[in-house]
Amino acid sequence: MFDQIKNWHLSLTARDRMMLHFMVAIVSLTLFYLMLWEPIHKGLADEQLKYESQQNTLSWMQQAAAQVRTLKSSGNGHQIKQANQPITLVLEQSINNAGLKKFIKKIESSGSSGARVKLDQAPFNQILVWLNTINTHNGISVSSATIERGEKPGMVNAKLSFTR
């Protein structure tokens with residue numbers, strides 16, 4: 001078969017052979033671009049975007065951690081426990097006082113001294129102040145938290161579990 005192709009190639013005129021070589025070069029370059037060059041560059045660009053996004057998230061989390069440390073250290077340690085009231089009632093009152101009521105999606109009790117709260121698209125700084133306040137003034141602390149970046153800068157979706 002290789003001999004047939006070689007014979008066919010030799011039977012072409014010089015002009016046709018030059019045109020064939022030119023077309024093979026064009027097809028080869030096109031295949032190289034489409035199969036190697038383009039996917040590699042697209043993958044690099046995608047990875048660069050992911051890296052920048054992760055860097056932004058890291059920066060945001062470092063700022064948030066600094067705010068948490070600041071708020072945590074600013075607490076004066078005076079805890080006024082309201083043991084007679086259910087934890088969900090205390091949380092609801094403190095949420096209203098903190099101006100977070102419109103961001104609350106769910107408040108539910110979890111045992112006699114526990115509760116869970118879900119907030120959507122709430123201001124992160126306002127949540128931190130609220131958490132510091134309920135810990136300092138009510139003796140209610142966060143036992144677990146899942147906080148995700150919201151759609152807008154400074155906004156978060158949070159699922160918080162509390163214990164007294």
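The values are calculated or read from the model by the stated rules, or taken from the named source; none is laboratory data. Note that the coordinates shown come from a computational prediction; the quantities given were computed from them, not determined experimentally. Ideal geometry is used to build each Cβ from the backbone, glycine not excepted, and the neighbour counts take in all protein chains shown. All accessible areas refer to the heavy atoms of the entire protein, side chains included, with ligands and DNA or RNA removed. Shrake-Rupley method; radii C 1.70, N 1.55, O 1.52, S 1.80 Å.
Each label point was placed 7 Å from the Cα along the Cα-to-Cβ direction; for Ile104 and Gln62 their separation is 3.6 nm. Centroid-to-centroid, using Cα positions, segment 100-140 and segment 1-46 are 66 Å apart.
Membrane-span-like helices in the chain, defined here as complete DSSP H runs extending at least 18 Å along the helix axis by their C-alpha atoms with mean Kyte-Doolittle hydropathy no lower than 1.0, are 14-32; this is a sequence and geometry rule, not a statement about a membrane.
Here the chain has 59 percent of its accessible surface on carbon and sulfur atoms, given a 1.4 Å probe and all protein chains in place.
Protein chains only, probe 1.4 Å: how do Ile95, Ile107 rank by accessible area, largest first?
From most accessible down to least: Ile107, Ile95.
A protection proxy built from the mean count of other Cβ atoms within 10 Å ranks the segments 34-44, 124-134, 63-73, most packed first, as 124-134, 63-73, 34-44. Counting only lysines at least 8 places from Lys159 when in the same chain, those with an alpha carbon closer than 16 Å to its own are Lys101, Lys102, Lys105, Lys106, Lys118. How high is the relative contact order of segment 16-164, given as a whole-number percent (alpha carbon pairs under 8 Å, six or more residues apart)? Worked out over segment 16-164, it gives 20 percent. Here the label points at Ile40 and Lys159, each 7 Å from Cα along the C-beta direction, are separated by 4.3 nm in the simple model. Gyration tensor over the Cα atoms of segment 48-164: the corresponding equivalent ellipsoid has semi-axes (square roots of 5 times the eigenvalues, largest first) of 27, 16, 12 Å. Cβ-Cβ distance of Ala25 and Phe2, R₀ of 25 Å, FRET efficiency by 1/(1 + (r/R0)^6): the value works out to about 0.75. Ignoring lysines fewer than eight residues from Lys50 along the same chain, the ones with Cα atoms less than 20 angstrom from its Cα are Lys42, Lys152. Summed over the residues of the chain and divided among them, the accessible surface reaches 72 Å² per residue at a probe radius of 1.4 Å.
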